[in-house]
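Below is one structure, written out as structure tokens, with a few remarks after it.
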Amino acid sequence: MEVRSLDRADQASAEALVADHFGSVRVVSRGRVHETVGLPCLTAYDSGVPVGLLHYRLDDAGDIEVVTLIAVQSRRGVGTALLGALAEQAKAAGCRRVWLVTTNDNTNAQHFYRACGWSLVAVHLGAVTSARALKPEIPLLGEGCVAIEDELEYELVLRT
């Protein structure tokens with residue numbers, strides 16, 4: 001598997017993948033709307049075929065926020081490869097940490113982040129309910145018909 005910046009030729013398929021996964025190319029985290037089209041993006045390729053992507057941004061504190069992480073197929077090492085590549089870039093840039101937000105219903109992601117050494121650092125109760133004012137297409141129910149209400153913040157502290 002190879003991870004590199006998104007090729008311009010794959011931009012349209014990346015946008016379609018994000019829209020399919022998140023309901024649009026806009027993502028909301030911590031009360032902020034992210035237009036993924038303008039964000040830096042790492043893409044995982046297997047035999048030249050895109051199999052996952054990760055959008056990120058440099059936040060106001062100089063840390064890196066993962067805005068999207070999508071693996072076309074789970075349990076193939078795609079997410080691990082993308083997060084690892086981003087962590088290396090962040091270390092090289094002198095960042096202190098990488099962080100992200102997922103939702104309370106996304107238990108697979110929660111298990112994955114913990115298995116990758118990330119720590120749960122905050123639970124923002126009701127944050128998704130508030131985010132619907134910014135992005136009404138956020139569904140009410142998620143995995144297992146669980147009400148999507150809260151944001152869970154995970155971080156990876158980078159060791160230099």
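The values are calculated or read from the model by the stated rules, or taken from the named source; none is laboratory data. Just so it is clear, the structure is predicted and the values come from calculations on it, not from any experiment. Don't worry about glycine lacking a Cβ; one is built from the backbone with ideal geometry, like all the others, and counts go over all protein chains shown.
Annotations for the structure displayed:
- Applying the criterion of being in contact (Cβ under 8 Å) with a residue 12 or more places away in the chain and aliphatic (A, V, I, L, M) to the residues of region 81-92, the residue that is nearest to T43 (Cα to Cα) is L82.
- Lone qualifier among L152, L82 - being in a helix (DSSP H, G or I) and buried (at least 18 other Cβ atoms within 10 Å of the Cβ): L82
- Residue tally, condition over 22 Å from R26 (Cβ atoms) and either in a helix (DSSP H, G or I) or polar (S, T, N, Q) (or both), over region 42-64: 1
- The single condition among (1) out of contact with any Lys or Arg (no Cβ under 7 Å at 6 or more places or on another chain); (2) over 22 Å from D63 (Cβ atoms); (3) among the β-branched types (V, I, T) that I138 does not meet is (1).
- Among the residues listed as V33, V67, V27, the single one being surrounded by fewer than 21 Cβ atoms within 10 Å (Cβ to Cβ) and part of a strand (DSSP E or B): V33
- Within region 1-24, the set of residues being surrounded by 12 or more Cβ atoms within 10 Å (Cβ to Cβ), in a helix (DSSP H, G or I) and not small (G, A, S) comprises D10, Q11, E15, L17, V18, H21, F22.
- Test: residue in region 86-106 that is farther than 24 Å from A9 by Cα, part of a helix (DSSP H, G or I), among the charged types (D, E, K, R) and at pLDDT 95 or above: yes
- Within region 1-21, being closer than 16 Å to T102 by Cα and touching a helix residue (DSSP H, G or I) at 6+ places or on another chain (Cβ under 8 Å) holds for one residue alone: V18.
- Selection count, region 36-64, where residues are of a type outside the set (A, V, I, L, M, F, W, C) and exposed (fewer than 15 other Cβ atoms within 10 Å of the Cβ): 6
- Candidates in region 129-149 are the residues that are assigned to a helix (DSSP H, G or I) and touching a Gly at 6+ places or on another chain (Cβ under 9 Å); of these, the one that is farthest from L83 (Cα to Cα) is S130.
- Take the conditions (1) within 16 Å of E35 (Cα to Cα); (2) without any contact (Cβ under 8 Å) to a residue 24 or more places away in the chain; Y56 misses just one of them, which is (2).
- Here T160 meets each of (1) modelled with pLDDT of 95 or more; (2) farther than 23 Å from V25 by Cα; (3) in a loop (DSSP other than H, G, I, E, B) with one exception, condition (1).
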